[in-house]
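The block underneath contains the structure these notes are about, expressed in structure tokens.
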Amino acid sequence: MPNTRYIFITGGVASSLGKGVTIASIGALLEARGFKVTIQKMDPYINVDPGTMSPFQHGEVYVTSDGAETDLDLGYYERFTDAKLTILNSITTGRIYRTVIERERNGEYHGKTVQVVPHITSEIQSRILRLSDADPNLDFVLVEIGGTVGDIESVPFLEAIRQFRFNHGRDKTLYIHLTLVPTVSVAGEIKTKPTQHSVKELLKQGIQPDILVSRATQPLSPEIKEKISQFTNVPQNRVFSAADIDYTIYEVPLNLHREGIDDVIIQYFGMENVSPLFQGEMNPMLQKWEKILDYFKNPSTTVKIAIVGKYVEVSDAYRSLYEALWHGGFPHKCKVESIKVDSEKITPENYKEYLSGIQGILVPGGFGNRGVEGKLIAIQYARESKIPFFGICLGMQCAVIEYGRNVLGLEGANSTEFNPDTPHPVIHIMDEQIGVNILGDTARKGSFPCEIRENTRMEEAYGQKIIQERHRHRYEFNNRYLDQFVRKGLVISGVSPGKTLVEAVELSRNDHPWFVGTQFHPEFQSKPHKPHPLFVKFIEAAIQYQKENP
Ligand code: GLN
């Protein structure tokens, strides 16, 4: 704690303004100056975690290496910074109340009335401090308050961060408020009033923001900044614009740096840069973001990858996956376009309409029976027509089912998740999961080791024998069928140490140009500056396919 500073970001006017990307970008800028940061998300909903929420409601569930099911903003935090996130980085109203109520039941409040203030707000503050207690070398803890100021459910969190400043001092805390400055299209006028109101709403909670970041279509003029400043008590040089991006969210750190936000933060805390690398505009740590932007601006080639899933209408449902696909293109200077295909719409008659003009097919993770048959059709097409294929988690399980039915001739082969009475349960529930309640904290989650077999696509991609990847599943390859599959040419390319669980399957290079399925989710570990090797190889195969099938 002694040397850690705490930066809080709240959002106003509207939701989905990009608080997660903004705070992740600020984290990246502070790291570029040599500081050590971590980022925490506070979600005001009552669910204990988003693990049981539908991706239609919530978007992707991001899984940390210790197996916490968290908000997708944690994915941005890990992709933009070097912070290693755990369950401590994710707070929800549900988690806070659960702790406080358990404590109450155990008599730990000694007969007191248990209240939002102080008990809930103290628990929230102690969760912030736990991060800096766990790592005394942290220079910054950045905290994102989910939701929009004015929401009933965020009030305890705002009160907690107000108290946090009272308890730890102004010199250790900074409040950033992200708002929207809309342009009214008819008159073309830029409107500052929603921002004024939003800051007033925050003041009602006892919080005077120190910095404002305003989302707008264009960078704000000095006049607009001055007007915002006058009405909000935030000095004009602390009003920043976050103009709409041209190419990619990876521009945001550069845009905010050009606005000077990192300088202002450092000055606010009276700190000096610690990185000898950081020398104004020449900072190589920022040049790495320029390089990423260049991939988007000047690609030498483009490939289209069909994502065949059931949550394709929600743009955030496969957020990490879409980004991992971009990353996979970077080393090839290749732009990757994700073509979203709703697996429920695919039939044996129409699949070519949906899957023409693409250079790769990816079947992502998922739960439940809906849309599975469409995924199987897409996989059969990829396998037989030798189109590069990548199956992730449910996607791998579907690849096994398809192979079982169409190559091994196991009629009705299925996962017991989709048909408990299948004659051929080629995917079945893991022994440790039998009898466990289906919802909540029960799946195999988090990072596990996997042993890679020699002379496989997996080995070619990773170049090492033991890897660590993140999981989130309850079902597994049924080893009772292992010999049959192997005899018919399915390559088991990754297994858990001890060989109890199949972690990756593929087709041999004689049979297919690139066909890989993994029980784990590689997309959670891909970063713009460290593209995941399986995505790099998948895109390489897609580029090759395009050359051969122009
Ligand atoms: N539904 C499958 C299982 O529970 C796959 C899960 C996933 O794709 N994340 O094993």
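Among 171-177, 262-268, sorting by the average number of other beta carbon atoms lying within 10 angstrom of each residue, highest first, gives 171-177, 262-268.
Taking amide H as placed 1.01 Å from N in the peptide plane, residue 493 has its amide H under 5 Å from the amide H of 504, 505, 506, each at least 5 places away in sequence or on another chain. Solvent-accessible area per residue in segment 115-215 equals 41 Å², computed with a 1.4 angstrom probe and all protein chains kept. Around the amide H of residue 527, modelled in the peptide plane, lie the amide H atoms of 532, all under 5 Å away and 5 or more residues distant in sequence or on another chain. Taking Cα atoms only, the orientation of helix 284-297 departs from the longest principal axis of the chain by about 50 degrees.
A probe of 1.4 angstrom, applied to the heavy atoms of all protein chains, finds residue 291 with accessible area near 120 square angstrom.
Placing +1 on the Cβ of every Lys and Arg and -1 on the Cβ of every Asp and Glu, with no other charges, gives the chain a dipole of roughly 340 debye about its Cα centre. Under 13 Å from a point 7 Å along the Cα-to-Cβ line of residue 407: which residues of segment 501-536 have their amide N that close? Within reach of a label on residue 407: 505-517. Peptides 34-43, 342-351, 502-511 ranked from most to least packed by the mean count of surrounding Cβ atoms within 10 Å: 34-43, 502-511, 342-351. Add -39500 (n - 2.57) for each DSSP H run of 4 or more in the chain, then divide by its residues: what number comes out at 222 nm, to the nearest 500 deg cm²/dmol? For the chain, the value works out to -10500 deg cm²/dmol. Provide the net charge surrounding residue 225, with neighbours chosen by a C-beta distance below 13 Å and charges set as Lys +1, Arg +1, Asp -1, Glu -1. Its environment carries a net charge of -1. Treating cross-link reach as a plain straight distance, find the lysines whose alpha-carbon is under 26 Å from the alpha-carbon of residue 36, omitting any fewer than eight places away in the same chain. Partners found: 19, 84, 172, 288, 291, 527, 530. In this Cβ point-charge picture (+1 for Lys and Arg, -1 for Asp and Glu), segment 33-138 has a dipole of about 280 debye about its Cα centre. Across the options 298, 410, 175, the greatest Cα extent toward the positive end of the charge dipole of the chain (unit charges at beta carbon of Lys, Arg, Asp, Glu) belongs to 175. Annotation: extensible slack from residue 110 through residue 167 equals 18.1 nm (criterion: 0.36 nm per residue apart, minus Cα-Cα distance). Rounded to whole numbers, the Karplus 3J(HN,Hα) couplings from phi for segment 354-367 are 7, 10, 8, x, 10, 10, x, 10, 10, 10, x, x, x, 9 Hz, using 6.51 cos²θ - 1.76 cosθ + 1.60 with θ = phi - 60°, and x at Gly and Pro. The residue among 131, 211, 48 whose Cα reaches farthest toward the positive pole of the charge dipole of the chain, with charges on the beta-carbon of Lys, Arg, Asp and Glu, is 211.
Quick one: with all protein chains in place, what share of the accessible area of the chain is carbon or sulfur, to the nearest percent (1.4 Å probe)? Here carbon and sulfur together make up 50 percent of the probe-accessible area.
Enumerate lysine pairs in segment 301-453 that are 8 or more residues apart or on different chains, then count those whose Cα atoms are under 26 Å apart. Close lysine pairs under the 26 Å cut-off: 27.
Once the Cα atoms are used to define both axes, helix 121-134 deviates from the longest principal axis of the chain by about 70 degrees. In the context of the full set of protein chains, segment 438-491 has a per residue accessible area of 51 Å² (1.4 Å probe). Once the Cα atoms are used to define both axes, helix 93-105 deviates from the longest principal axis of the chain by about 80 degrees.
The values are calculated or read from the model by the stated rules, or taken from the named source; none is laboratory data. The structure displayed is predicted, hence computed values, not measured ones. Cβ sites come from the backbone with ideal geometry, for glycine too, and all protein chains shown count toward neighbours. Calculation scope for accessible area: heavy atoms of the full protein, side chains included, ligands and nucleic acids excluded. Shrake-Rupley method; radii C 1.70, N 1.55, O 1.52, S 1.80 Å.
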